[in-house]
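Chemist: After the structure tokens below, expect a handful of questions from me.
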Amino acid sequence: MMIHHLSTTFGSLLGRLSLKWLPHDPITAFGAILLAAVPIGAALLITYTKRWRWLYREWLTTQDPKRIGIMYIIVAILMGLRGLADVILIRTQQALSSGSNHGILTASHFQQIISAHGTIMIFFVAMGLMFGIINLIVPLQIGARDVAFPFLNATGFWLFFAGMALINVSLIIGDFSATGWLAYPPLSELKYSPTVGVDYWIWSLEIAGIGSLLAGINFVVTIIKKRVKGMSLMKMPLFCWSVLGSMSLVIFAFPILTVTLTLLALDRTIGTHFFTAGYGGNMMMYVNLIWAWGHPEVYILVLPAFGIYSEVAAVFSRKKLFGYASMVWAIWAIVILSFIVWLHHFFTMGAGSDVNAFFGIMTMIIAVPTGVKLFNWLFTMYKGKLNMKTPLYWLIAFVVVFTIGGMAGVLMAVPPVDFQLHNSLFLVAHFHMMIVSGVLFGYFAGITYWYPKFLGFKLNERLGRYAFWSWLVGFLLAFVPLYILGFMGATRRLDHYSSSLGWQPLFVVAAIGVVFIIAGVIFQILQLIVSIWQRNGELKAGHDPWDGRTLEWSLPTPIPVYNFARLPEVSTRDAYWEAKKTNYIDDRPYEPILIPKNSPLGLVIAAGAFIFGFAVVWHIWWLAVLGLAVSIFGLIYRSMDEHTEYKLSAAEVKQMDQMRFQEIKS
Amino acid sequence: MSSISQNAEVARADRLIERHEKDNTTIFGFWVYLMTDCVLFASLFATFAVLRNNTFGGPSGATLFSLPYVLVETLSLLTSSFTCGLALVSAQARRKTQTIIWFIITFALGLTFLSLELSEFHKFVVMGDSWRRSGFLSAYFTLVGTHGLHISIGLLWMAVMIVFIYKRGINKLTMKRIRMLSMFWHFLDVVWIFIFTIVYLFGALHA
């Protein structure tokens, strides 16, 4: 029976794939063409400017975390624009689709867009920005010349890229999951979602998730093992602490995601019964498993942003961070507590009052360390010499919005209240307030703050402020109505509602909010363009434009490939701040430095993973075997290479370093 | 003159220490990876624990499993762990041929284990008790199968390793990798002991 099943599957060389899966309705077709135009246009441009060799040598094969970080951020920004396009469609649909008007989207298309929005924003925007900034900053702040495992790091990025590519291919051929961003069964089971949509969702996240896991391992080891001599853990910049907390969560949480997605894939592909309604499956087990990953995931994203806020608060207040030790302990309290609150996502499961009470109380307790952090940022700013630049604006907006959103969260931690608000727009408003202010604003602040370190010029301040105000006003307009709608009984993921409910005006206000957010995004793009335009004028920045406190600001800009020509000597927190107070002249001899050679094999391994994922989605088994073979081949080929590093001699380092000093002087 | 050579000595010692630290970093990284694999298996064990009684009218562990058969499987894997340890000891003594021989024996024992497991799977599937039969069997095949997949990866790694040692001998790099491979192999052994206990022993006892 099994053999018969396999042979019919092998029967068609292309599995389930056929031309009928190309998009037919105008909106999807337009989106698909637009999406396909981006890589094709980019390829044409590169060919026209004869930049392929440059691209290959400088970017595609690089092992340098500074470049990998920039690639993460570029991917995240592009995906953010796609996620924003989804937002525009969602808000337009909900503003129009009342009474006899059914809006611009069909129900199933609307559900696909909702699912794509959540998935893309979390996995490819928030995670991308986070890993980007971590790659850029962590090695510099701990005084390291490199990460612990450069090849693993590059492979992690390319797996992230492969997952991103797969989710975008779903727009061009096939469809996407219409089951929400976490694809609860039994809806996501084959019986109720028979097309390839959920499979695309599974394999995109599976591949990107493994990439995140590799990156997590790399950064935990980097922070523990690669700190410069003298920098004990309690002397690390707080951003590094927050990354250590976040990456520890990654290594404990992401394997659970891998398992959960695999089990769902097995259900859909070979007919197991983990989460099916019959045959002894247990669909609530899926919900438990996915949130055992999903809740820590929230803190994975938010902790590094907390770290950025800590850096920004200290630097732009010209004061040392208030309550360093309590900040560190707050991070670890959050890390541990974040693993014992997952059930608050489904109090309505009916686990009983004792279980619900436990998770409700834990959820309230996790607000305590977060509150500690908020007060510490406020006390850092208190009586500081505030340098009112855009990063500080984001921080202050975050403190206000995050507190409001957090209070709503504590409210929902009370199980009886949650029974009223579960899956309502109140919840949607709550988590957007947490993630947009806690994560996105934080990464905006971080990008503005560290931008001059890598590019040599600051971002235009006036446009930054325009962007900030548009964002803040738009964000509040878009989400405060959702709190009210939630109280009025509006549930999430509605593609249509009765006009007698009187919800439409509030949905229209939310849509107007999105217009402001779009204005904010346009200002941000303008800010980038104008800043590049003005880069040699007043925006030109030296190596330390903000009067920074941590080691990254001690380096010349652009930062040499080896980061530190001579490893810094650290004996206190805020090492660079302390060093600036003395007139120390470094006359230690230079030493030879080992630098990892470029390698295309990370890209090859990820390409194999992409082929494998695509093939499994469409049941093209021979191609799946081929994809897997490519990945394994890449891995073995890499393991045979013993000469993965090249050496810069002490004399070369000396020459490069002194040339840079001359540049700084002139 | 002598101070220059002394300096060179010191520099050489420093480089050695740096090398050593680098190896330590890799080994530590591998421990962290094993921890993630531990979480992966923990999730699968949890799944199995939830579904173990959901037989949906199909066979339970008590009717399916033959403990003597699993004992043979277990013994072959445990012995392979022992011979893997011997391979590591030989490698530390820089005995190339001996290391390769012990790895070949380990490989053979691992392959025996894998064949036994697959033929057990085959038997169940032929009887109509495949992963499609019930939630319990889905969890059983997936948990035990994931361990089997790890063993297969370990065997592939070992095959590559044997070629590697044959071609390049035992040096710093191969030594580091032999260490990691043996960690991986022992880890799989530990996981199997949990599978043996929780899946097979408890399953067979629970009539």
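The values are calculated or read from the model by the stated rules, or taken from the named source; none is laboratory data. Note that this is a predicted model, so its numbers are computed, not measured. Here the Cβ is made from the backbone with ideal geometry for all residues, glycine too, and neighbour counts use every protein chain on show. Ligands, DNA and RNA are excluded from the accessible area calculation, which covers all protein heavy atoms including side chains. Shrake-Rupley method; radii C 1.70, N 1.55, O 1.52, S 1.80 Å.
Conditions (1) without any contact (Cβ under 8 Å) to a residue 40 or more places away in the chain; (2) not acidic (Asp, Glu), marked per residue:
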position	(1), (2)
A:Trp54	yes, yes
A:Glu58	yes, no
A:Gly80	no, yes
A:Ile104	no, yes
A:Phe110	no, yes
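Chemist: Which is within 9 Å of another protein chain (Cβ to nearest Cβ), among the polar types (S, T, N, Q) and more than 18 Å from A:Thr262 (Cβ to Cβ), of B:Ser134, B:Ser138?
Modeler: Residue meeting the stated conditions: B:Ser134.
Chemist: May I ask you to verify whether B:Leu111 is of a type outside the set (S, T, N, Q), more than 22 Å from the chain's Cα centre (by Cα) and in a helix (DSSP H, G or I)?
Modeler: no
Chemist: Turning to a different aspect of this structure: Could you please find all residues in the range A:262-289 being in a helix (DSSP H, G or I) and either crowded, with 24+ Cβ neighbours inside 10 Å or within 10 Å of another protein chain (Cβ to nearest Cβ) (or both)?
Modeler: A:Thr262, A:Leu263, A:Leu264, A:Leu266, A:Asp267, A:Met284, A:Met285, A:Tyr286, A:Asn288, A:Leu289
Chemist: Can you tell me which residues in the range B:59-88 are within 14 Å of another protein chain (Cβ to nearest Cβ) and surrounded by fewer than 19 Cβ atoms within 10 Å (Cβ to Cβ)?
Modeler: Our first condition is that a residue be within 14 Å of another protein chain (Cβ to nearest Cβ); within the range B:59-88, this holds for B:59-61.
Passing the criteria: B:Pro59, B:Ser60.
Chemist: Let me ask something else. Among the candidates A:Phe176, A:Phe151, A:Phe157, which residue alone is touching a Phe, Trp or Tyr at 6+ places or on another chain (Cβ under 7 Å) and either outside any loop (DSSP other than H, G, I, E, B) or at positive phi (or both)? It would help to see each step written out before you state the result.
Modeler: Working: A:Phe176 fails: either outside any loop (DSSP other than H, G, I, E, B) or at positive phi (or both); A:Phe151 fails: touching a Phe, Trp or Tyr at 6+ places or on another chain (Cβ under 7 Å).
None of the others qualify; the one that does is A:Phe157.
Chemist: Specify which of the listed residues (A:Leu463, A:Leu455, A:Leu482, A:Leu476) is at pLDDT below 95 and either open to solvent by 30 Å² or more (accessible area, probe 1.4 Å) or out of contact with any strand residue (DSSP E or B) (no Cβ under 8 Å at 6 or more places or on another chain) (or both).
Modeler: A:Leu455
Chemist: Would you confirm whether or not the range A:225-233 contains a residue that is facing chain B (nearest Cβ under 9 Å) and under 28 Å from the mean Cα position of the chain (by Cα)?
Modeler: yes
Chemist: Of the residues A:Lys581, A:Lys654, only one is farther than 29 Å from A:Asn153 by Cα, more than 14 Å from every other protein chain (Cβ to nearest Cβ) and modelled with pLDDT under 95; which?
Modeler: Answer to the check: A:Lys581.
Chemist: Quickly run through the range A:493-506 and pick out the residues that are more than 28 Å from the chain's Cα centre (by Cα) and within 19 Å of A:Thr106 (Cβ to Cβ).
Modeler: A:His496, A:Tyr497, A:Ser498, listed by residue number.
Chemist: Still on this structure: Looking at A:Met388, A:Met362, which one is modelled with pLDDT of 95 or more, assigned to a helix (DSSP H, G or I), more than 13 Å from A:Ser310 (Cβ to Cβ) and of a type in the set (A, V, I, L, M)?
Modeler: Of the residues listed, the single one that is modelled with pLDDT of 95 or more, assigned to a helix (DSSP H, G or I), more than 13 Å from A:Ser310 (Cβ to Cβ) and of a type in the set (A, V, I, L, M) is A:Met362.
Chemist: Against the condition open to solvent by 10 Å² or more (accessible area, probe 1.4 Å) and either out of contact with any helix residue (DSSP H, G or I) (no Cβ under 9 Å at 6 or more places or on another chain) or closer than 27 Å to A:Tyr200 by Cβ (or both), how does A:Ala253 come out, does it pass?
Modeler: No, not satisfied.
Chemist: Say whether the condition of being out of contact with any Ser or Thr (no Cβ under 7 Å at 6 or more places or on another chain) and closer than 23 Å to A:Cys240 by Cβ is met by at least one residue in the range A:595-612.
Modeler: Within the range A:595-612, one or more residues are out of contact with any Ser or Thr (no Cβ under 7 Å at 6 or more places or on another chain) and closer than 23 Å to A:Cys240 by Cβ.
Chemist: Still on this structure, please answer the following. Quick one: how many residues across the range B:88-116 are touching a residue at least 40 places away in the same chain (Cβ under 8 Å) and closer than 14 Å to B:Asp189 by Cβ?
Modeler: 5
Chemist: Oh, and also: Is it fair to say A:Ala305 is more than 9 Å from chain B (Cβ to nearest Cβ) and modelled with pLDDT under 95?
Modeler: It is false that A:Ala305 is more than 9 Å from chain B (Cβ to nearest Cβ) and modelled with pLDDT under 95.
Chemist: Residues being farther than 24 Å from B:Thr146 by Cβ and either open to solvent by 60 Å² or more (accessible area, probe 1.4 Å) or touching an Asp or Glu at 6+ places or on another chain (Cβ under 6 Å) (or both): count how many of those fall in the range B:93-119.
Modeler: Number satisfying all stated conditions: 9.
Chemist: Now a separate question. Answer yes or no as to whether A:Ile202 is farther than 22 Å from A:Tyr324 by Cβ and more than 13 Å from chain B (Cβ to nearest Cβ). I'd like the intermediate steps shown before the answer.
Modeler: Details: farther than 22 Å from A:Tyr324 by Cβ: yes; more than 13 Å from chain B (Cβ to nearest Cβ): yes.
So A:Ile202 fits the description; yes.
Chemist: In the range A:129-151, what count of residues is obtained for those that are open to solvent by 10 Å² or more (accessible area, probe 1.4 Å) and within 14 Å of another protein chain (Cβ to nearest Cβ)?
Modeler: Counting residues in the range A:129-151 that are open to solvent by 10 Å² or more (accessible area, probe 1.4 Å) and within 14 Å of another protein chain (Cβ to nearest Cβ) gives 6.
Chemist: Output the number of residues of the range B:141-151 satisfying the condition of being at the interface with chain A (Cβ under 10 Å from one of its Cβ atoms) and either farther than 14 Å from A:Leu266 by Cα or of a type in the set (Phe, Trp, Tyr) (or both).
Modeler: Summing the residues that are at the interface with chain A (Cβ under 10 Å from one of its Cβ atoms) and either farther than 14 Å from A:Leu266 by Cα or of a type in the set (Phe, Trp, Tyr) (or both) in the range B:141-151 gives 1.
Chemist: Of the conditions (1) part of a helix (DSSP H, G or I); (2) in contact with a strand residue (DSSP E or B) (Cβ under 9 Å, 6 or more places away or on another chain), A:Leu140 fails just one. Which one is it?
Modeler: Here A:Leu140 meets the rest and fails (2).
Chemist: Given the options A:Phe507, A:Phe479, name the one that is part of a helix (DSSP H, G or I), of a type outside the set (Ser, Thr, Tyr), under 19 Å from A:Val401 (Cβ atoms) and touching a helix residue (DSSP H, G or I) at 6+ places or on another chain (Cβ under 6 Å).
Modeler: A:Phe479
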